[in-house]
Amino acid sequence: MQYIPNILFIIALAAGIGYFTKNIRKVIRNIRLGKDVDRSDNKAERFKNMAMIALGQSKMVRRPVAGILHIVVYLGFIIINLEVLEIIIDGIFGTHRIFAFLGGFYDFLIASFEILAFLVLVGVILFWIRRNVIKLKRFWNPEMKGWPKNDGNLILYFEMVLMTLFLVMNASDLQLQELGADHYVKAGAYPISQFISPLFNGMSEGSLLLVERGAWWLHILGILVFLNYLYFSKHLHILLAFPNTYYGDLKPKGEFDNLDAVTKEVMLMMDPDADPFAAPAEDQSEAEPEKFGASDVVDLNWAQLLNAYTCTECGRCTSECPANQTGKKLSPRKIMMDTRDRLKEVGDNIDKNGSFVDDGKQLLNDYITPEELWACTSCNACVEACPISISPLSIIMDMRRYLVMEQSAAPTELNNMMSNIENNGAPWPFNQMDRLNWSKE
């Protein structure tokens, strides 16, 4: 009977980690549905970006209030969960505070964890107030209704409960240490929970054991639930921010990729010695040219799909977008959310059927409208604002490329401009001979 708690713990741990692993494999599979793109260059610069942006939060602190709170909550939550290692060992082997032999260093660790837990609790409450009491505009955009809004709050409640359970566990443990309860050796320093501990004064040892064990179990089970909740939440960025910043595009902002097929065609047209009809017969019979641009998620590259999964829905991109500020329909955050939602839909389709079965939907029109795409000024404000190197603009431009090159569906003004460039060598509707008339005035 004494081993039943250990067995139950091992089962819960295996189930939690197993389900998490299964879902992460789905995420990786879905990201790999994208086209290949080489992001293996400049490893030193990539590691630097990951260290500065993902770990160092360098872009978060550009907005000091939110940035500092985020650093406290993020680092605090990660560091506190180092104690999970001790909880796992204790849970498997039936020990209690197995690292207590570290003495003064252990006291320092527990004290640090407690202070951080308190700061995380304060930070999370302030985040909740910003969202629900102050109601910052970027958290109340149309795309944030329903699940995105609930998800943002739910993760805050999760963290409040986990931090509270951690402090209650320590406070009741402290009482049991003072009572000299069996198995509860004096270990650790408790600068925060010592103020909670008096709430348990007068309780019997059995009741304290019930409180301490209850908080212990709920804390570790809560962490496992939190871990698996990440797959369904925008907070998957806790894990994906690191690869996303590493594989970020290092090209200068505003530089776009040229399509190989178009480049070859242009080079052929510009070569006075080229004979377009002299190509070998085998080249004439090549497969149909690759699709221009993107109309669905599988037309995007894997780095763009990683971007979509990593989006934090913080809304900094949308709040900086000049099109959005002037009332246009475009929201860069919605572009990323729509891409992720469509990618999950495609992934669910594959899970259900074994391979993708045409569902009559695509990212263009069913999720993102041409009106949104053409509202973009391609100014890169959204890319610059993103705290974890996401590029909504790259998706917008690939989808616009599809509209222009596959469907000839550019706005009238743009079609007129391109016709003028083709016929007159300039965007304006003037004969080439008249192009410099303005200078005579």
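The values are calculated or read from the model by the stated rules, or taken from the named source; none is laboratory data. Being a predicted model, the structure only gives us computed values, none of them experimental. Reconstructed Cβ throughout: ideal geometry from the backbone, glycine too, with neighbour counts over all protein chains shown. Each accessible area value is taken on the protein alone, full model and side chains, heavy atoms only, with ligands, DNA and RNA left out. Shrake-Rupley method; radii C 1.70, N 1.55, O 1.52, S 1.80 Å.
What percentage of the solvent-accessible surface of the chain, computed with a 1.4 Å probe over protein heavy atoms, is contributed by carbon and sulfur atoms? Intermediate results must be reported in sequence, preceding the final value.
Details: 14810 of 23720 Å².
Solvent-exposed carbon and sulfur of the chain make up 62 percent of the total.
Send over a whole-number figure in Å² for the accessible area per residue of the range 38-184, probe 1.4 Å. Before the final figure, lay out each step's value.
Working: 7250 Å² over 147 residues.
That works out to 49 Å² per residue.
For Gly152, what charge total do you get from the other residues with a beta carbon under 13 Å from its beta carbon, if Lys and Arg give +1 and Asp and Glu give -1? Kindly include the intermediate steps, with their values, before the conclusion.
Values: positive: Arg130, Arg131, Lys135, Arg138, Lys145, Lys149, Lys234, Arg333; negative: Glu143, Asp151, Glu159, Glu313.
That sum, taken over residues with Cβ under 13 Å, equals +4.
Return, in residue-number order, each cysteine of the chain whose C-beta is not under 4.7 Å from any other cysteine's C-beta.
Cys311, Cys314, Cys321, Cys376, Cys379, Cys386, each lacking another Cys Cβ under 4.7 Å.
Add +1 for every Lys or Arg and -1 for every Asp or Glu among the other residues with Cβ under 14 Å from the Cβ of Phe77, and state the total.
Values: positive: none; negative: Glu83, Glu114, Glu159.
Cβ neighbours under 14 Å give a net charge of -3.
Could you tell me whether the range 1-139 comes out rounded, prolate or oblate from its Cα gyration tensor? Rule is a ≥ b ≥ c as square roots of the eigenvalues, rounded for a/c under 1.5, then prolate if a/b exceeds b/c, otherwise oblate. Before the final figure, lay out each step's value.
Details: a/c = 1.77, a/b = 1.27, b/c = 1.39.
Oblate, since a/c reaches 1.5 and b/c is not below a/b.
Which order do Asp296, Asp249 take by accessible area at a 1.4 Å probe, largest first?
On the way: Asp296 20, Asp249 90 Å².
Reading off the accessible areas and sorting them downward yields Asp249, Asp296.
Can you compute the charge dipole magnitude of the range 41-177 about its Cα centre, using +1 on each Lys and Arg Cβ and -1 on each Asp and Glu Cβ, nothing else charged? Give it in debye, rounded to the nearest 20. Display every interim value, and only then the final one.
On the way: 14 positive and 11 negative charges, 225 e Å.
Roughly 1080 debye for the range 41-177.
How far is the Cα center of the range 153-229 from the Cα center of the range 98-142, in Å?
Here the answer is 16 Å between Cα centres.
Using mean Cβ contacts within 10 Å as the protection proxy, how do 71-77, 117-123 order, highest first? Write down the numbers at each step before the final one.
On the way: 71-77: 18.4, 117-123: 20.3.
The densest-packed peptide leads the list: 117-123, 71-77.
With the other protein chains left in place, how much accessible area per residue, in square angstrom, belongs to the range 213-281 at a 1.4 angstrom probe? Please report the intermediate quantities before stating the final value.
Values: 4100 Å² over 69 residues.
Roughly 59 Å² per residue, with all protein chains present.
Based on the alpha-carbon gyration tensor of the range 307-418 and its eigenvalue square roots a ≥ b ≥ c, which shape applies: rounded if a/c is under 1.5, prolate if not and a/b is larger than b/c, or oblate?
Working: a/c = 2.41, a/b = 1.21, b/c = 2.00.
Oblate, since a/c reaches 1.5 and b/c is not below a/b.
Answer rounded, prolate or oblate for the range 348-412, using the Cα gyration tensor with square roots of eigenvalues a ≥ b ≥ c: rounded when a/c is under 1.5, else prolate when a/b is larger than b/c, else oblate. Mind showing how you got there, number by number?
Working: a/c = 2.99, a/b = 1.36, b/c = 2.20.
It comes out oblate by the Cα gyration axes.
Tell me, what is the per residue accessible area of the range 305-441 in Å², probe radius 1.4 Å? Could the numbers behind the result be given before it?
Numbers: 6810 Å² over 137 residues.
That works out to 50 Å² per residue.
Given C-alpha coordinates of the chain, what is the ratio Rg to Rh with the Kirkwood estimate of Rh? Present the calculation step by step, with values, prior to reporting the outcome.
Details: Rg = 28.3 Å, Rh = 25.8 Å.
Looking at the chain, the ratio lands at 1.10.
Starting with the highest mean, order 322-331, 335-344 by the number of other Cβ atoms within 10 Å, averaged over the residues of each peptide. Can you show the working numbers first?
Working: 322-331: 16.6, 335-344: 22.6.
Packing order, densest peptide first, comes out as 335-344, 322-331.
Report, in deg cm²/dmol and to the nearest 500, the calculated mean residue ellipticity at 222 nm for the chain, where each DSSP H run with n ≥ 4 adds -39500 (n - 2.57) and the sum is divided by the residue count. Show your work: numbers first, answer last.
On the way: 19 runs with 257 residues, N = 441.
Dividing the helical sum by the residues of the chain leaves -18500 deg cm²/dmol.
Among 390-402, 371-383, 28-40, 410-422, what's the highest-first ranking by average C-beta atoms within 10 angstrom per residue?
Numbers: 390-402: 22.6, 371-383: 18.3, 28-40: 14.4, 410-422: 12.5.
Packing order, densest peptide first, comes out as 390-402, 371-383, 28-40, 410-422.
Charges at C-beta only: +1 for Lys and Arg, -1 for Asp and Glu. How large is the resulting dipole of the chain about its Cα centre, in Debye rounded to 20? Please report the intermediate quantities before stating the final value.
Working: 42 positive and 51 negative charges, 354 e Å.
My answer is approximately 1700 debye.
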